[in-house]
Amino acid sequence: MPRRNIFLPTLCIVLLVAVWTFRLPNASSYPYPSKDWFESKSSSSSSSSSSSSSSSPPPPPPVEPLSSPSSSSTSSSSALHPPSPQTQQSSSPPAHLSSNPGNDVDLSQPDAPFVGWPLKRLCDETIWVEGLVYICDNNSGGIGNIRNYIQTCIRYALEAGATGLTIPRIRKRNEKDLADLFTDFLPFSYMFDEQHFRDAFNKNCPQITLYDNVADIPGAGKSPKISNITPKDFGNRESCDPWDQNRHTDRFGQTFRRWLKNEKHGHAPTKEHPRLVRFNWGVLFDWQIYRDGPELAATFGGILKLNDKFLQLGKKTLEKMHAFARADGSKDGAFLGIHLRTESDALGFWPHYDSQSEAYMNEAKKRGYQTAYLATGNQTEAEKFMDAAIEMAQMKVVTKIDLLSDNELDELDELSWDQQGLIDYVVLLGSEFFVGVQPSSFSVHVAMKRHLKTSGLYTRPYKVGTEGDGLSYIVGKFDKYWANWLFLWDEAREQRHHICIIHSKESNSIVMSLITLSNLERITAARLAERLLATDVTNTTASGQAVENSIAIVDVRDDDYIGGHIRTSLHFPSRSLEATMPTLLRKLADKETVVFHCALSQQRGPSAALRYLRAREADATTTQANGKENGSEEKKKKKQQQQQKVYVLDRGFTGWQEVYGTDERLTEGYRKELWEDY
């Protein structure tokens, strides 16, 4: 039997394998985007600098400090921990992960060196749009909210392909009224290290140009037009919850660029004629970080490093806290870190002092702590907590004020309320165990930052509502994802945007509401007072019969429902609005105008208005689908809904009482003495 010639088949197989091998792209190489940035695929490089970076790049480089040598010397983790083998060991990632680039860095430290290769990888993948500039300054609140807003805005900017960013400004809170989040804009250095931010992008994402301010953008002009957008408008989200995150972030870039190229929305960006974009207020916790992979999720926050003066004062406080703990009997200087969130701007449905203090005491006794550091802006309740800790847990509790010297206290006094919170932030990161409260974004951020100690670059998600990592415990309710604000843990920023899509079983109709918190109409106190006085409490028909006022005012304040209220207003506390919404719908069904408000109309009031609009639409759709009303009644109800105007009272009852508190025609139960120091 003749031998079969297997040489040619073997040769063919070898050649096919070779061709297949050489056609595979380098895993670390990503092409520069095409000139036609609208297309989803990119082509060859459009610049020499990008060509050199995309051809056979080296593996992720070792981590190097972005700051000068003098500042990097202060970045060692030993400065944040007492010199004990146990503590040093716990602050390092597991040995089997340390060989990965950047994973020998303790990312849980507030001054950890920036691990830039995940950002570089993202920028190498990006389809860039020349002339597109993002302005990430529409932020507000404390360190948790400020950080999350800036990071979310920049992450969207990278997905969109923005080739320009303005250095973010920071909105300062009112020192006399902590719930007033909208005062002056301050520079980036108000909280963060600007040079560190610049170095992070210059070294790892040079495709982006950083501008000091809008006026420095070439071609923008003296009064540039800025497009205000809401990212979730560019995604098809099948949910009716107004706080639902953007579940299509991976599609945002292409959808946004398609919108950008449409002449209906303005000119397409070019180098000579840039296009400026700013987010509407409220884009927080909107980007689910698990989509970016653990490396970027663990390191992206490193672009925002605290200003060095806060780091230095924080380290001094931490060192003195370790010394205090050792003097009290802790060999390693270990202590319990506590965040007590009971300041005046805390929302009514958050755990109150008693709930927080009881849970914190239980943790202290269970773990045997003798010393604790307390972070709070409420000095009265700080003293109350200290006394209770000695009595209930035999534990000594101190604050930064108790630890710092006179000169250091003078330095602390020069800082704003939120800046002083940064000192607490550094100390709490250095505690052996931390207890905080849900849903404070400050507590959540501290717990998640500490969680990076477990596995570094490859840290798995925090197990919410548990003590899974053995480093932190958060007090609060964890039963309902939205009502209990569990979305904070996804780093998916709370955008408070509503695209409600309801499919009825019988008609398969779709109702869509494009109302967002940012475009809810507002009414001034003067305009509302004018309308109330014009209509009075009741009007009369031609026959003299009394009819109800066509305006309804809904006050959604919770425990702060004191000191008076607008005459004829309805009180529906925000914390129980879900249960009372059917009643509210019935009461408001025949009103021409509905006005919602809380104390300041910044959070609860707008949110209640949005929830009402959502429920009103859902009720109308359900009624239609179930055929509960005849044709004429259904048309009448639909017409009433279309004609009903829903407003939010600008500045809430606080602003109202300043002008009309003593006017008995407009305000009832007013107690002036309660508002004198407000």
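Nothing in this text is a laboratory measurement; each read-out follows from the coordinates by a stated rule. Since this is a predicted model, take the numbers as computed values, not measurements. Ideal geometry is used to build each Cβ from the backbone, glycine not excepted, and the neighbour counts take in all protein chains shown.
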Applying a 10 Å radius around every beta-carbon, put 462-474, 116-128 in order of their mean neighbour count, most first. 116-128, 462-474
Name the residues of segment 357-384 whose amide N is less than 18 Å from a point 7 angstrom out from the Cα of residue 674 along the C-beta direction? none
Give the long-range amide H neighbours of residue 667: residues separated by 5 or more places, or on another chain, with amide H under 5 Å away, using H modelled in the peptide plane at 1.01 Å from N. 567
Residue 270 long-range amide H proximity, modeled H, under 5 Å: 275
May I ask you to give the average projected area over all directions of the convex hull of the Cα atoms of segment 99-303, in nm² rounded to one decimal? 12.6 nm²
Taking θ as phi - 60°, what are the ³J(HN,Hα) couplings along segment 313-318 by the Karplus curve (6.51, -1.76, 1.60), each to the nearest whole Hz, with x for Gly and Pro? 5, x, 5, 4, 5, 5
If packing is taken as the average count of other Cβ atoms within 10 Å, what order do 216-224, 430-438 fall into, highest mean first? 430-438, 216-224
With the dipole of segment 120-191 defined by +1 on each Lys or Arg Cβ and -1 on each Asp or Glu Cβ, the option from 142, 160, 123 whose Cα lies farthest towards the positive pole is 142
So, with points 7 Å from each Cα along the Cβ direction, the residue 184-residue 664 label distance in nm works out to 4.3 nm
Value in Å of the Kirkwood radius, where segment 124-218 supplies the Cα pairs that are averaged: 14.0 Å
Which of the listed residues, 374, 444, 317, is farthest toward the dipole's positive end in segment 308-460, when Lys, Arg count +1 and Asp, Glu count -1 at the beta-carbon? 444
Based on the Cα atoms of segment 308-487, what semi-axes does the equivalent ellipsoid have, where each is the square root of 5 times one gyration tensor eigenvalue, given in whole Å with the largest first? 24, 18, 18
The set of residues whose placed amide H lies less than 5 Å from the amide H of residue 131, leaving out same-chain residues fewer than 5 positions away, is 163
Spin-label model distance (nm) - residue 194 vs residue 366, 7 Å beyond Cα toward Cβ: 4.6 nm
Sparse-neighbourhood loop sites, GluC sites (Glu not before Pro) in segment 127-219 - DSSP loop, at most 16 other Cβ within 10 angstrom: 175
Cα-based convex hull volume of segment 251-390 per residue, rounded to whole Å³: 223 Å³
Loop GluC sites (Glu not before Pro), segment 400-430 (other Cβ atoms within 10 Å of the site Cβ: 13 or fewer; DSSP): 414
